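J.: Here it is, the structure, as structure tokens.
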Amino acid sequence: MTIRSTGFDYAVLFMAILLGWPLTLINIPLLFGICLGINSLILAVVVYATSSPRVSFWKGLRLLPNRYMSGCVNITILYIFFVLAYHYFWTVGAVALRLHLGRSHTQTWWVNHICHHTQLNRQELERLRFSAWPGSPRRLGLQVLAYGLLTLAISAVTFFIFAR
């Protein structure tokens, strides 16, 4: 059975991990707050600098996993977060280096980066649309519940490991 994905699940889990890693510093609340604030600020700058009306940061992040899927979810999940982290940190570096050139230059770089790594041309990439709903409101609710339970489980395990 083949399950087709738009990369939504991988992108959401990657963002949860990216923003949630300061939870491992739960014993030091001040450090937790500082890391979460800096991490969120960097993410906000990257999203603002790369997002254009036709190709947003989120759209590119959803398209990247499609190129690297192995066909087996259990194998893909072992390496896809490292691939997304590589692209995210590459983008952070590119935004930092191109910040003085302006937002339009960074947006163009992001579109070219996504085109190169997804093997889509610019017209296909701009025409590609994602549905706001992943099928139905009920399915969206089930996904939100699943992500919430997963986040709660990861948080609980992290808390019990580091709260000695």
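The values are calculated or read from the model by the stated rules, or taken from the named source; none is laboratory data. Just so we're clear, the structure is a prediction, and the values are computed from it rather than from any experiment. Using ideal geometry, Cβ is built from the backbone for each residue, glycine included, and neighbour counts are taken over all protein chains shown. Areas reflect the complete protein model, heavy atoms only, side chains present, ligands, DNA and RNA absent. Shrake-Rupley method; radii C 1.70, N 1.55, O 1.52, S 1.80 Å.
J.: What's the total number of residues in the stretch 57-75 that are small (Gly, Ala, Ser) and within 20 Å of Tyr86 (Cβ to Cβ)?
T.: Selection size over the stretch 57-75: 2.
J.: Out of all the residues in the stretch 71-104, which are polar (S, T, N, Q) and closer than 15 Å to Asp9 by Cα?
T.: Within the stretch 71-104, the subset polar (S, T, N, Q) is 74, 76, 91, 104.
The answer is Asn74, Thr76.
J.: Return the pairs, sorted by first residue and then second, in which the second residue is open to solvent by 50 Å² or more (accessible area, probe 1.4 Å) and acidic (Asp, Glu), the first residue lies in the stretch 38-63 and is touching a residue at least 24 places away in the same chain (Cβ under 8 Å) and over 18 Å from Ala16 (Cβ atoms), the beta carbons are less than 8 Å apart, and the residues are 6+ apart or on different chains.
T.: Within 8 Å, no pair qualifies.
J.: Which residue pairs have Cβ atoms under 7 Å apart, sit 6 or more places apart or on different chains, and have a first residue in the stretch 8-22 that is buried (at least 19 other Cβ atoms within 10 Å of the Cβ) and a second that is basic (Lys, Arg)?
T.: Final answer for the pair search is Ala11/Arg62.
J.: Just to check your reading of the model, which residue among Ile75, Ile38 is loosely packed, with under 14 Cβ neighbours inside 10 Å and at pLDDT 85 or above?
T.: Of the residues listed, the single one that is loosely packed, with under 14 Cβ neighbours inside 10 Å and at pLDDT 85 or above is Ile38.
J.: To continue, here is another question. Look at Thr108 and say whether it is β-branched (Val, Ile, Thr), surrounded by 13 or more Cβ atoms within 10 Å (Cβ to Cβ) and modelled with pLDDT of 80 or more.
T.: Judged against the criteria, Thr108 is a match.
J.: Here's something else I'd like to know. Of everything in the stretch 78-94 that's without any contact (Cβ under 8 Å) to a residue 40 or more places away in the chain and surrounded by 16 or more Cβ atoms within 10 Å (Cβ to Cβ), which residue is nearest to His116 (Cα to Cα)?
T.: For the stretch 78-94, the residue satisfying everything is His87.
J.: Can you tell me which residue within the stretch 95-104, out of those that are surrounded by 13 or more Cβ atoms within 10 Å (Cβ to Cβ) and not small (Gly, Ala, Ser), is nearest to Ala49 (Cα to Cα)?
T.: Looking at residues that are surrounded by 13 or more Cβ atoms within 10 Å (Cβ to Cβ) and not small (Gly, Ala, Ser), I get Arg103.
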